[in-house]
Every structure is written in structure tokens, then in C-alpha cells.
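Notes follow once the structure below has been shown.
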Amino acid sequence: MIRRSDATLISIGDLVRAVHELQPSPEVLPLIARMLQLDPLARVSVPKSLRRRREDVISDVAPRPRQHEISTPSEVHDKASSTVVVASKLKPKKAPRIQVVPISIEAVHDEQEEPTVTLAPPAQMVPATDEEDEPEPELLPLLDPRTLRSAIVSAVETRSLETIPDIDALTDMLIRGEVIREIPLVKFPTVRRGVQVLLDRGSGMVPFAGDADHLAAAIAALVNESSTRVLPFRTMPTWSVYDSGGGRRAYEFPPAGVPVVIISDFGMSRETLPDVRPVLADWVQLLRELRARRSSVIAFVPYEPDRWPRELLSSAVFVHWDRGASSMTIRAARARLDRR
Amino acid sequence: MNYNKQFNAAGEPKAVLPPEDPATGRSPGDQDDGTVYIYTEELELAVNVALATGRPLLLRGPSGAGKSSLAKNVAYILGWRYYHTVISSRTQAQDLLWRFDNVLRLSEALDAGKNVAPDAAYIQPGVLWWAFDPASAKRRGSDNPTVPALPDPTLLSPDAARAVVLIDEIDKADPDVPNNLLVPLGSFMFHVPELRVTVKTVTRPLIVITTNDERELPNAFIRRCVVTTLPRPTAKKLFEIAVRHFGPDRYSLYEPIAAILEQVAVAKERRNQHAPSTAEYLDAIAACMELGIVPGTSVEWEAVVSALFNKPRTGDDPTK
């Protein structure tokens with residue numbers, strides 16, 4: 001007789017039921033608890049094989065800038081000429097803590113330059129003392145893990161034609177006495193087309209590098225690694241993207257209809273620089289071309305909507321990349337763009 | 001391991017094979033290899049836990065670890081009916097419950113000379129309907145005698161009260177599909193609105209679900225399953241599998257082939273590539289037996305190893 005009335009999560013009741021039925025010896029009990037995911041030490045997580053592949057998704061892309069010293073590509077930037085030292089949101093991985101880090105801008109930027117960003121050097125860090133040894137609270141990810149999955153699906157799903165007739169549409173046609181020349185079909189949301197992820201490795205995205213990696217890996221895990229193409233870039237993808245060996249190559253558009261996710265600040269963090277207009281013009285051009293190829297474009301931007309470049313808003317869905325982003329807000333943003 | 005086993009992997013199989021197909025001379029139950037399976041104690045326990053709790057059994061592990069062949073062997077040993085479905089990127093959750101042939105119905109509705117059959121005649125029950133209530137599935141959920149009955153697609157033990165269902169490669173489905181299966185898999189019931197019928201079972205089936213983890217499954221789905229991971233079989237286990245498949249007379253083949261597979265597998269895993277599977281190991285033995293090839297350094301042996309164990313990946317340059 002089935003007693004469970006609904007599709008409930010596994011609970012202690014399942015363990016009791018299993019123990020009642022199987023009468024296991026004590027050494028078997030922990031195994032059963034683990035299979036039921038009730039052992040707190042054996043919570044089901046992404047298996048090692050998948051974790052390894054997730055890392056590959058990221059390592060497949062250009063070498064990530066080291067957190068202690070990030071510099072822009074050498075041909076457009078002279079390291080010695082500009083240095084910005086910041087007390088960053090990035091934390092050193094272990095106990096050492098940043099004492100006091102002055103912020104200074106030590107150079108005047110010329111037209112093509114980006115600043116070199118240097119975190120506090122090791123000499124300015126002090127080892128944690130015993131009393132400071134308590135675990136530091138982890139930084140919350142920009143997207144809420146509980147809604148991350150549905151948010152990603154909402155961002156990358158496309159509509160595909162399936163072979164199931166749309167009965168409502170058909171009924172409507174019959175009622176209106178229309179001649180049915182073509183059977184209307186139901187369009188299901190799907191992620192099977194894959195996705196291209198443009199991952200900004202520019203200096204302005206350094207504080208968000210960990211989150212960006214996490215988001216790219218989550219997209220790959222959800223959409224399927226083999227149909228997810230992660231292309232890192234600095235400043236502008238159409239100038240060049242990085243290949244798996246860290247070399248540069250020309251950007252290639254995805255096949256028609258494949259959605260594109262852009263994780264970038266679109267140069268917003270460099271507003272103090274003399275001129276960001278040329279980059280913006282290139283973005284406008286890229287988004288228009290993607291739209292012409294029927295690729296939907298979703299941009300995850302870590303800055304507030306009032307800073308988003310207006311020129312781009314008619315060609316892409318902009319999502320404020322923070323805890324408020326959810327499936328609902330992304331769908332609403334997509335619907336707003338469709339209405340334009 | 002000491003516990004009361006409802007499922008005993010070493011027990012005498014109770015399966016009844018369906019009648020042979022006159023065209024092929026084979027029973028549908030023979031089509032897949034499900035009669036031989038080497039269990040670990042942990043896997044046998046996982047099956048028993050799934051049976052005791054009524055939860056789906058979610059099997060993880062690399063390709064070739066034996067995930068897909070487990071379900072049929074469990075049905076074979078328990079003497080239960082067996083249904084399977086392989087998920088594709090186009091599969092929707094409802095396909096596992098039922099499908100309504102709208103095109104046929106519409107076509108008949110538009111054909112003035114033809115009477116439209118009752119709605120039930122356009123219903124195609126899915127594997128879960130067959131597993132939950134085969135009598136209702138045969139009648140397509142209707143008591144109307146004009147609705148043509150369907151044959152039971154079970155591959156084993158057609159008269160058994162309970163069933164094993166394999167839902168293979170669920171990670172291939174779109175992300176919403178597992179979530180849409182939560183209620184039917186949790187409550188063993190679902191509603192068919194076209195017929196205003198609720199399909200439910202009183203004899204819980206065992207649902208076995210496999211994933212290669214190519215796409216992450218929703219936590220809500222995983223948290224409703226008994227989860228176990230099948231590791232890639234070791235050389236020793238491969239050897240055991242070969243003995244069960246081909247008998248004990250070919251030791252001289254089993255060991256060297258298992259050893260070379262192990263080497264290739266370790267090297268491939270280091271490069272994060274798919275290791276050759278049990279099926280390829282058995283193929284290699286069968287090829288060597290059939291062609292009289294002896295493992296060693298011959299050109300023929302190298303060709304077998306290359307063809308079965310060192311398959312190029314899509315996109316690899318075949319000349320390199």
C-alpha cells in the first residue's frame with residue numbers, strides 16, 4: 001500500500017522505512033543513509049567527474065588574470081605607465097588579511113590604455129592570528145544558488161518547433177472557419193540549440209571573476225558542456241577572443257539561432273577613461289549582427305540599470321546580475337525586448 | 001553486508017520471457033543483454049533500499065559502467081515486467097505518461113466520410129502508464145469496447161504484477177523534464193485530462209534512472225531518489241564479466257584484454273576523455289574469438305585495440 005501522498009523529498013521517514021524493511025546490521029546503516037542523501041557528510045553534490053569538466057570549461061578559456069596582478073594585453077597597454085591599487089572585493093584565499101590598502105591612481109591614461117590593477121601585495125598582508133582563525137563568512141554568489149538553475153534556463157532557452165499540434169490554435173481556426181493549410185505546432189522551450197558565452201576578462205570584471213567563472217560553468221553544466229562555447233575576451237570580443245591555449249583568435253559568430261550570453265561590464269567600470277565610445281560602437285555593431293542572425297542575446301551586467309548603455313538596450317536583454325535576478329525578472333526582460 | 005534482501009542478486013532468476021517472435025525466432029526479452037550482471041554489494045544494497053522506500057534509483061557513473069543494463073537484470077531476477085525508454089533531447093515528461101495522437105484525430109475529424117473514434121483510441125500510453133497499471137494501459141484508459149486494445153510492450157514476465165522501468169540517460173532531456181516527472185514518480189499516479197482518468201498503482205514499480213551527468217539535474221529531483229554511483233569496472237571485474245558471458249575457457253584472452261583496456265582507460269581519463277566501456281571489452285573478446293586473434297604484438301591485435309579502445313573523438317584528426 002502506498003502511504004506517501006505526494007512527491008515529497010526524501011526524509012527521515014524513508015530511512016525508517018528502509019531500516020524497517022531491510023533490518024540492516026549497524027555497519028550497513030551509514031551506507032543506506034548515504035544513498036538516501038541523509039548523511040550530512042555525504043550530501044549529493046556534483047560528482048568529481050563533472051567538477052573536473054566544469055573546471056575544464058573555465059581552463060579551456062584564456063588564462064584567468066591572477067588576482068594579485070591583473071594587466072591588460074601588452075600590445076595595448078604599458079604596465080609601467082598606469083597602476084591602480086585597490087582594496088578589492090577579492091579576498092586572499094587563506095588566512096592572511098589585507099591590513100590597509102591605500103587607493104591611488106598613479107598614471108594618466110592615454111587613449112588606448114587600461115589601468116593595471118594590483119591587489120594588495122603580500123608584504124602588506126599580515127598572517128592571521130589564532131583568535132582571528134575563525135572561518136571567514138563566504139562571499140555570497142551574485143546569483144542566488146536556489147534560483148540559479150531556473151534563471152539560466154530562462155536566459156538561454158529558445159523556442160523550437162515540435163511535432164505536436166497546437167490544439168487551441170487549431171480550434172480557433174476551425175471556429176473562425178479558416179481553411180487549415182498548415183497545422184500550427186506547439187513551441188516548447190528548449191536549450192538544445194546550445195549557447196555561446198562571451199566572458200569578459202577585462203580589468204573591470206576582475207572583482208566578479210569568480211562569479212563569472214561560476215556562472216559560465218553553471219551554464220555549461222545545465223545546457224550541456226558539448227554544446228556550450230565559452231569565449232573569453234578583453235574589452236571587445238570582435239577584436240579577439242582567447243582559445244584554450246591562451247592564444248588569440250578571431251571571433252566567430254555562433255550558428256544562426258544559437259543564443260549568446262554576455263557576462264561583461266560593457267566598459268562601464270572604465271567610465272573615468274577618456275573615451276569609451278569606440279568600444280560602445282563595436283558593441284552596438286556586434287549586438288545588431290547577432291540579432292540579424294536570430295541569436296537572442298542576454299547580458300549579465302554587474303552594475304545598476306541606470307548605468308547601462310542606452311545604445312545597447314534595444315538589441316539585447318540586459319539583466320542586473322545580482323541577487324534579485326531570477327527566472328521571472330529575466331523572462332520579463334526578454335518580453336520587454338520582444339515588445340520593442 | 002547483513003540485511004533482509006528483497007532483491008538477492010545471487011538468487012534464481014524468476015523471469016518469464018515473452019513468446020518468441022516467429023520472424024526472428026527470438027523472444028523480445030532476449031534483445032538486450034540483461035541476463036548477466038555482476039553486482040557489487042553496495043549496488044545490491046541500493047536496489048534493496050529503492051525497493052524498500054519506493055523511491056526511484058538514480059544511477060550515476062561513466063559510460064560503460066553498467067548503468068543501463070542493471071534494470072533489466074533486476075527485472076530478470078525478480079520476475080517482474082520490464083519497460084525501458086531512452087531519453088533524447090526531444091523527450092518531454094508527458095511522453096513517459098501518455099501521448100495523444102492529435103494529428104490522426106484531426107485528420108479523421110476532417111474526413112467527412114469517416115466516423116471519429118472515441119478519444120481513447122488516440123491515446124498511446126507511455127512506459128510509466130504501462131508500469132503503473134498495465135490493464136488500464138491495454139484499454140488506453142477506456143472501458144469502451146470499440147477502442148482497440150494495445151499489446152503490452154514488456155520485454156519480460158508479461159503476467160507479473162510489478163514492473164521495473166528504466167528511464168535511460170535523463171541528463172539528455174531539457175532541464176524542465178526531470179522536474180515535470182516529480183509528481184508521477186513520487187506519487188505513482190497521474191491524470192489524463194483528455195479521458196478524465198487518473199492512472200494510479202497499488203503495486204509500486206521500481207524506477208531506475210540513469211545519468212551520465214552531461215547536464216546537471218535539479219536538486220529537487222535528486223533529493224527524491226536513492227542515489228548511487230557506479231565506478232568504471234576494474235580489470236578484475238571485467239574478467240568476472242567475461243567469464244559470465246563467454247564461460248571460463250578463454251582465460252588467455254580475458255586477462256590481457258582487460259589489462260590493455262585498463263591501461264587505455266587510465267590514460268584516457270587522465271586526458272579527460274571517455275574510457276572504453278564494458279561493451280567494448282566484450283566486443284574485443286568476441287572479435288578475438290571469432291577471428292582467432294591472439295593478444296600480443298600482431299598487426300591484427302593492434303587493429304582490434306585501435307578500433308575498439310582508441311576510438312577518435314569527434315573532431316580529432318584521424319591521420320594523427
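In segment B:222-231, which residue that is within 10 Å of another protein chain (Cβ to nearest Cβ) and not aliphatic (A, V, I, L, M) is surrounded by the most Cβ atoms within 10 Å (Cβ to Cβ)? Don't jump to the end; show me each part of the working.
Filtering segment B:222-231 for residues within 10 Å of another protein chain (Cβ to nearest Cβ) gives B:222-229.
Going one step further and asking which of them are not aliphatic (A, V, I, L, M), we end up with B:223-225, B:228-229.
Numbers: B:223: 17, B:224: 22, B:225: 26, B:228: 23, B:229: 19.
My answer is B:225.
Could you check segment B:162-213 and list, in sequence order, the residues that are free of Cβ contacts under 8 Å to residues at least 24 places away in the same chain and either of a type in the set (Val, Ile, Thr) or more than 11 Å from chain A (Cβ to nearest Cβ) (or both)?
Listed by number, the residues that qualify are B:183, B:191, B:193, B:196, B:198, B:202.
Any residue at all in segment A:175-184 that is under 26 Å from residue B:176 (Cα atoms) and either touching a Phe, Trp or Tyr at 6+ places or on another chain (Cβ under 6 Å) or surrounded by 23 or more Cβ atoms within 10 Å (Cβ to Cβ) (or both)?
Among the residues of segment A:175-184, not one is under 26 Å from residue B:176 (Cα atoms) and either touching a Phe, Trp or Tyr at 6+ places or on another chain (Cβ under 6 Å) or surrounded by 23 or more Cβ atoms within 10 Å (Cβ to Cβ) (or both), which makes the answer no.
Filter segment B:163-190 down to the residues that are of a type in the set (D, E, K, R) and either buried (at least 21 other Cβ atoms within 10 Å of the Cβ) or within 22 Å of residue B:71 (Cα to Cα) (or both) and list them by number. Explain how you work it out, then say what you get.
Taking segment B:163-190 first, the residues of a type in the set (D, E, K, R) are B:168-169, B:171-172, B:174, B:176.
Correct list: B:168, B:169, B:171, B:172, B:174.
Find the residue count for segment B:52-72, including only residues that are crowded, with 22+ Cβ neighbours inside 10 Å and closer than 20 Å to residue B:220 by Cα.
So the count comes out to 7.
Residue B:296 passes all but one of (1) among the small types (Gly, Ala, Ser); (2) assigned to a helix (DSSP H, G or I); (3) farther than 16 Å from residue B:63 by Cβ; which number fails?
The failed condition is (2).
Any residue that is over 22 Å from the mean Cα position of the chain (by Cα), free of Cβ contacts under 8 Å to residues at least 40 places away in the same chain and assigned to a helix (DSSP H, G or I) - is there at least one of those in segment B:85-102? Walk me through how you get there before you give the answer.
Start the filter on segment B:85-102 by keeping residues that are over 22 Å from the mean Cα position of the chain (by Cα), which leaves B:100-102.
Then drop every residue that is not free of Cβ contacts under 8 Å to residues at least 40 places away in the same chain, which leaves B:101-102.
The next check asks that each one be assigned to a helix (DSSP H, G or I); those that pass are B:102.
Within segment B:85-102, one or more residues are over 22 Å from the mean Cα position of the chain (by Cα), free of Cβ contacts under 8 Å to residues at least 40 places away in the same chain and assigned to a helix (DSSP H, G or I).
Within segment A:221-245, can you find the residues that are at pLDDT 90 or above and either within 13 Å of the chain's Cα centre (by Cα) or over 23 Å from residue A:279 (Cα atoms) (or both)?
A:228, A:229, A:230, A:231, A:232
Residue B:91 is checked against (1) more than 13 Å from chain A (Cβ to nearest Cβ); (2) under 27 Å from residue B:76 (Cβ atoms) and fails just one. What number does that condition carry?
Going through the list (1) more than 13 Å from chain A (Cβ to nearest Cβ); (2) under 27 Å from residue B:76 (Cβ atoms), residue B:91 breaks only (1).
It is to be established whether one or more residues within segment B:78-85 are at pLDDT 85 or above, farther than 30 Å from residue B:193 by Cβ and more than 14 Å from chain A (Cβ to nearest Cβ). Reasoning before the result, please.
Of all residues in segment B:78-85, those at pLDDT 85 or above come to B:78-85.
After this cut, where a residue has to be farther than 30 Å from residue B:193 by Cβ as well, the list is B:78-79.
From what's left, more than 14 Å from chain A (Cβ to nearest Cβ): B:78-79.
Yes, segment B:78-85 contains at least one residue that is at pLDDT 85 or above, farther than 30 Å from residue B:193 by Cβ and more than 14 Å from chain A (Cβ to nearest Cβ).
Checking residue B:193 against (1) surrounded by fewer than 19 Cβ atoms within 10 Å (Cβ to Cβ); (2) under 30 Å from residue B:258 (Cα atoms), which test does it fail?
Among (1) surrounded by fewer than 19 Cβ atoms within 10 Å (Cβ to Cβ); (2) under 30 Å from residue B:258 (Cα atoms), residue B:193 violates only (2).
When residue B:119 is evaluated against the numbered criteria (1) under 17 Å from the mean Cα position of the chain (by Cα); (2) more than 20 Å from residue B:189 (Cα to Cα); (3) charged (D, E, K, R), which criterion, by number, is the only one it fails?
(1)
When you look at residue A:298, is it closer than 29 Å to residue A:145 by Cβ and not in a helix (DSSP H, G or I), yes or no?
Working: closer than 29 Å to residue A:145 by Cβ: yes; not in a helix (DSSP H, G or I): yes.
Taking the combined requirement at face value, the residue satisfies it.
Residue pairs, Cβ under 6 Å, 6 or more apart or interchain, first in segment A:146-169 and at positive phi, second at pLDDT 80 or above and part of a strand (DSSP E or B). List them.
Close Cβ pairs satisfying both conditions: none exist.
Given the criteria among the β-branched types (Val, Ile, Thr) and within 13 Å of chain A (Cβ to nearest Cβ), does residue B:234 qualify? Talk me through it step by step, then tell me what you get.
Working: among the β-branched types (Val, Ile, Thr): yes; within 13 Å of chain A (Cβ to nearest Cβ): no.
No: the conditions fail for residue B:234.
What are the residues in segment B:103-124 that are within 11 Å of chain A (Cβ to nearest Cβ) and assigned to a loop (DSSP other than H, G, I, E, B), if any?
Taking segment B:103-124 as the starting set, the residues that turn out to be within 11 Å of chain A (Cβ to nearest Cβ) are B:103-107, B:109-110.
The answer is none; no residue qualifies.
Quick check on this structure: which one of B:131, B:135, B:160 is among the aliphatic types (A, V, I, L, M), part of a helix (DSSP H, G or I) and crowded, with 19+ Cβ neighbours inside 10 Å? First the steps, then the outcome.
Numbers: B:135 fails: crowded, with 19+ Cβ neighbours inside 10 Å; B:160 fails: part of a helix (DSSP H, G or I).
Exactly one residue qualifies, and that residue is B:131.
Which condition breaks for residue B:260 when tested against (1) part of a helix (DSSP H, G or I); (2) more than 24 Å from residue A:34 (Cα to Cα); (3) modelled with pLDDT of 90 or more?
The number of the failed condition is (3).
The values are calculated or read from the model by the stated rules, or taken from the named source; none is laboratory data. The structure presented is a predicted model; accordingly, all values stated were derived computationally and were not measured. Positions of Cβ are backbone-derived with ideal geometry, glycine not excepted, and every protein chain shown enters the neighbour counts.
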